[in-house]
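Values in this text are rule-based calculations from the coordinates and carry no lab data. None of the values given here were measured: they were computed from a predicted structure. Cβ: placed from backbone, ideal geometry, glycine included. Neighbour counts: every protein chain shown.
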């Protein structure tokens, strides 16, 4: 059986390694909860989260993938337990909202627990993978056996607090490191919710090790304060070298199974020499800063959102075809002509049903004559141009999914493309009032932005100019029409809005801003233009990104330092050089590239 060692669900005969009854001491538990609660708003949990979930070791990530099925079952069971506690006495509408929210919180909680406990076990001298995983699984089994009363005192308050946080107002942190040469190394963007869940995990681990064997807890880990300090030190780069002697002693102690008595070779002198009892000296302020929030209407690339809906949807390419502002979209639109450049044949995306829904929507609008975009919808050729827009949208999304490390060949790929189609339908069919209401309570995004994208899409679909062709840059081997350019701009901005809206934190960690998001499509076109570059991406970068398992997009993720570096190169580094454009500014380079042809 694949999960024999990591038996988190208690299906194998390992019960002799743990006591059958480990009831919580509620008085002690209350003291621990208060201790950790007093740390809220500080930077300790930010440090722990950023150095575990965003800087996982490859082996930690590999093992998580290996035991994904067992972890998935644990997450479903644990989420149901938490939901039942939270939903007691609530309305059915609240229950549905909580079900969605709790499951996502549990997924993030599970990631944090996975890495932190593995590192704790390693720091306590447990090296053999088999026993390492057995000891790890016992924490999960203990948690699933906790009664409702236990869970209420252990994690319920934190989950309730996390569910009630307003995403548009919760605190966001940026974690980075200033190197000696002056360079700043970005570690990640972390939310207040993630710090709460980190608190829940550290409280859980402290409670587990304290409850299962109080004697070992006191002699080895001390108390909550020293335990937390040990966890903080465990994430420092110098921990493994500084504590090498201490870790060697840990292996001599033979602390596991944790439930067992001390080994006969253990002595007070050996225990007293451990570094676990020393407080950490990490200057958290030098690593963690509060991230300033954008004011409503401020966007890096799209610009200010107009107050009146009828004025929204300004298309850069439509207004400025004689300047360099449209060149980005012309460059990106060439991706559509590179569809034949593939490493393996992708699944065909079917959007017949989407077009039937658009046709039904059009008939409804024509019958009522009340839609703000009635003129565009009533135009002859609206359905044909919508079909073209969808092809552009789905091709761009396919290339983005591929760049994020997922092959376009399985059911998950189809699901992600279907979500994009559903979002497109939602945008064009919804009233402005509905689009604003969508985001009132639970999205980290200004409601004006989807309304802006809605108007942008209708203006793009209304463009029928395919006569005049343009060469986006001198070396380009493909010409594009004004229609392709304008539709590409609208499609790319819709994708930016979708990915930002559906996982703000993943967006910020991968792309940072919209300019980098759009630049990544320019780099995709460059790779597709130069086949060796595309092959090199698939050989060197794709396998690294694939291990991050970034889809489903709505789910949290674990990333290694190597994956973070590759992400920076793929999405945030400068452009690939293009002949004479090399080493000149972006504006100048684009200015030189503009050239219209009939």
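Express in nm, to one decimal, how much length is gained between residue 39 and residue 378 on full extension, taking 0.36 nm for each residue of separation and deducting their alpha carbon distance.
116.1 nm
Sorting check: for 196-202, 354-360, 222-228, which peptide has the highest mean count of neighbouring beta carbons within 10 Å, and how do the rest follow? Mind showing how you got there, number by number?
On the way: 196-202: 25.6, 354-360: 15.6, 222-228: 17.7.
Ranked by mean Cβ neighbours within 10 Å, highest first: 196-202, 222-228, 354-360.
How long, wide and thick is the range 458-510, going by the Cα atoms along their three principal axes, in whole angstroms, largest first?
Sorted largest first, the three principal extents are 41, 30, 9 Å.
So, R0 is 45 Å and r is the distance between the beta-carbons of residue 177 and residue 131; what FRET efficiency does that work out to, to 0.05? Could the numbers behind the result be given before it?
On the way: r = 34 Å, r/R0 = 0.76.
Plugging the Cβ-Cβ distance into 1/(1 + (r/R0)^6) gives 0.85.
Roughly how far apart, in whole Å, are the Cα centres of the range 475-540 and the range 160-225?
34
If I stretch the segment between residue 26 and residue 422 completely, what's the gain in nm (0.36 nm per residue apart, minus their alpha carbon distance), one decimal? Intermediate values should be presented prior to the final figure.
Numbers: separation 396, 0.36 × 396 = 142.56 nm, distance 4.82 nm.
Result for the pair: 137.7 nm of gain on full extension.
Quickly work out the residue 88-to-residue 561 label distance, labels modelled 7 Å from Cα along the C-beta direction, and quote it in nm with one decimal.
4.6
Which percent of Cα pairs goes in each bin when the distances of the range 527-579 are cut into 10 angstrom slices starting at zero?
Here the calculated profile for the range 527-579 is 21, 49, 25, 4, 0.
Ranked highest first by average number of other Cβ atoms within 10 Å, how do 158-169, 509-520 line up?
My ranking of the peptides, most packed first, is 509-520, 158-169.
Could you state the orientation-averaged shadow area of the convex hull built on the Cα atoms of the range 324-572, in nm² to one decimal?
13.6
Under the 0.36 nm per residue contour assumption, what length would be gained going from the current alpha-carbon distance of residue 352 and residue 251 to full extension?
Details: separation 101, 0.36 × 101 = 36.36 nm, distance 6.25 nm.
That works out to 30.1 nm of additional length.
Packing-wise, with mean Cβ within 10 Å as the measure, how do 44-50, 542-548, 367-373 rank, highest first?
Descending mean neighbour count gives 44-50, 542-548, 367-373.
Measure off 7 Å from each Cα along the Cα-to-Cβ vector at residue 62 and residue 286, then give the distance between these two points in nanometres to one decimal.
So the label points at residue 62 and residue 286 sit 3.3 nm apart.
From the P(r) of the range 34-179, can you give the percent of Cα pairs sitting at distances over 23 Å? If you can, show how the numbers build up before the last one.
Values: 4697 of 10585 pairs.
Looking at the range 34-179, the distances longer than 23 Å represent 44 percent of pairs.
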